[in-house]
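J.: What follows is a structure written as structure tokens; I'll ask about it next.
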Amino acid sequence: MNRVFSGIQPTGSLHLGNYLGALKRFVEMQDDYGCIYCIVDLHAITMPYDPAELRASTREVTAGFLAAGLDPSRCIVFNQSQCTMHMRLAWMLSCLTPLGWLNRMTQFKEKAGKKRDNASLGLYGYPVLQAADIIGYHATHVPVGEDQKQHLELARDIAGTFNHQFGVEYFPLPEPVITGEATRVMSLRDGTKKMSKSDESDYSRINLTDDRDTIAKKFRKARTDSEPGVTYDAENRPEASNLITIYAALADSTRQQVVDQFASAQFSDFKKQLTELAVEKLGPVGEEMKRLSADPGHVDGVLRDGAERANQIAEPIQRDVEEIMGFLVP
Ligand code: AQP
């Protein structure tokens, strides 16, 4: 049976990268697979955080899921901390995961930076929790952006190790689903860095809640080069190419089609058209997020109901795992 699991951290405002790399895929898959979409709040505490902001962001990201088109009657939407399987299974899997595998994880290196010794054990073990998130539901497909590819490979290795070590064929090996034109949306200020919630500059990203004027200003100020035309060249024109990629993904077309469409246009005109397209596609999502944010009772109800359904799937799997591993399960 096919099952989808994926998550987004409530670490700040959802941005265009989250939308094109993940959320849009979530919505496209919701009728073809049994889908479980999670606001991964346990991952959000691996870096220093503020409890009130975590609470607000958990509701905001949930509102983003719903506003983008996820329908809780067709998929499960819940916050990770409400299903204890994630924590229990993460510990068990961490006892099967060699340190050498975790030492290779580039996200840890990037996030820990130079102050590696001050980084938390949770940040280091983040990919093991992520493996538990996925395989704890027997998920077969995981829609993610390009940056999560390495973590997905690790999740497959951990699932394979479990099966091998205990002589079972219990966990399916999950497949990453990295599709679409914009699997890695780059910062609007620096075409070599990915667009990220935690970037200090708000001008580096388009937030789903940005209004028309803000979107227009951010694209106008987006860094480009001195070439006047609209040509795609990821190596020599990274910022301009990123904007072409964004246009293609928003328009559900291809980069080549965008380049052909704007073959005789100036880059400044292209930016204006990009703004119009972004406002047309993101405006309704942002409006709906604002409407839902005014109704936290509804959002909390969706999460509560989703957590109940997630627990119903996860509990028998957790029980099987404990039996396989030799725990006495009364
Ligand atoms: N720039 C991006 N382009 C395409 N996909 C992206 N994703 C994130 N940034 C981009 C995808 O969004 C999903 C959720 O990501 P996350 O919030 O759980 O963690 P992240 O990848 O670490 O995202 P951020 O925005 O960079 O968050 P912070 O700053 O908190 O670390 C994933 O599928 C991811 O691939």
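The values are calculated or read from the model by the stated rules, or taken from the named source; none is laboratory data. All values derive from a computational prediction rather than experimental measurement. All Cβ positions, even for glycine, are placed from backbone atoms using ideal geometry, and neighbour counts span all protein chains on display. Heavy atoms of the whole protein, side chains included, go into the accessibility calculation; ligands, DNA and RNA do not. Shrake-Rupley method; radii C 1.70, N 1.55, O 1.52, S 1.80 Å.
J.: Say we look at the stretch 188-199 and pick out the residues that are of a type in the set (Lys, Arg) and in a loop (DSSP other than H, G, I, E, B); which of these is nearest to the ligand (Cβ to nearest atom)?
T.: Across the stretch 188-199, the extreme among qualifying residues is 197.
J.: Report, by residue number, each residue of the stretch 145-175 that is of a type in the set (Asp, Glu) and assigned to a helix (DSSP H, G or I).
T.: Result: 146, 147, 153, 157.
J.: Confirm whether residue 180 is modelled with pLDDT under 95 and small (Gly, Ala, Ser).
T.: Criteria met by residue 180.
J.: Name the one entry in 240, 234, 248 that is within 15 Å of the ligand (Cβ to nearest atom), in a helix (DSSP H, G or I) and not assigned by TED's automatic domain parsing to the domain that holds residue 9.
T.: Testing whether each residue is within 15 Å of the ligand (Cβ to nearest atom), in a helix (DSSP H, G or I) and not assigned by TED's automatic domain parsing to the domain that holds residue 9 leaves just 248.
J.: What is the one condition in (1) without any contact (Cβ under 8 Å) to a residue 60 or more places away in the chain; (2) buried (at least 21 other Cβ atoms within 10 Å of the Cβ); (3) more than 9 Å from the ligand (Cβ to nearest atom) that residue 169 does not satisfy?
T.: (2)
J.: Kindly provide the set of residues from the stretch 23-48 that are near the ligand (Cβ under 8 Å from one of its atoms) and either in contact with a Pro (Cβ under 6 Å, 6 or more places away or on another chain) or in the same structural domain as residue 215 (by TED's automatic domain parsing) (or both), ordered by number.
T.: 44
J.: A further question on this structure: Report whether or not residue 96 is outside any helix (DSSP H, G or I) and open to solvent by less than 50 Å² (accessible area, probe 1.4 Å).
T.: When the stated conditions are applied, residue 96 passes them.
J.: Right, another one. Output the residues belonging to the stretch 14-54 that are over 15 Å from residue 77 (Cβ atoms), surrounded by fewer than 24 Cβ atoms within 10 Å (Cβ to Cβ) and among the aromatic types (Phe, Trp, Tyr).
T.: 49
J.: Can you name the residue in the stretch 200-219 that is in contact (Cβ under 8 Å) with a residue 40 or more places away in the chain and outside any helix (DSSP H, G or I) and is also farthest from residue 15 (Cα to Cα) among such residues?
T.: Per the criteria, the residue is 211.
J.: Return the total of residues in the stretch 141-166 being open to solvent by 20 Å² or more (accessible area, probe 1.4 Å) and either more than 15 Å from the ligand (Cβ to nearest atom) or among the hydrophobic types (A, V, I, L, M, F, W, C) (or both).
T.: Residues meeting the conditions: 7.
J.: Taking the stretch 173-200 as the region of interest, how many residues are open to solvent by less than 40 Å² (accessible area, probe 1.4 Å) and either acidic (Asp, Glu) or more than 21 Å from the chain's Cα centre (by Cα) (or both)?
T.: Here the count works out to 1.
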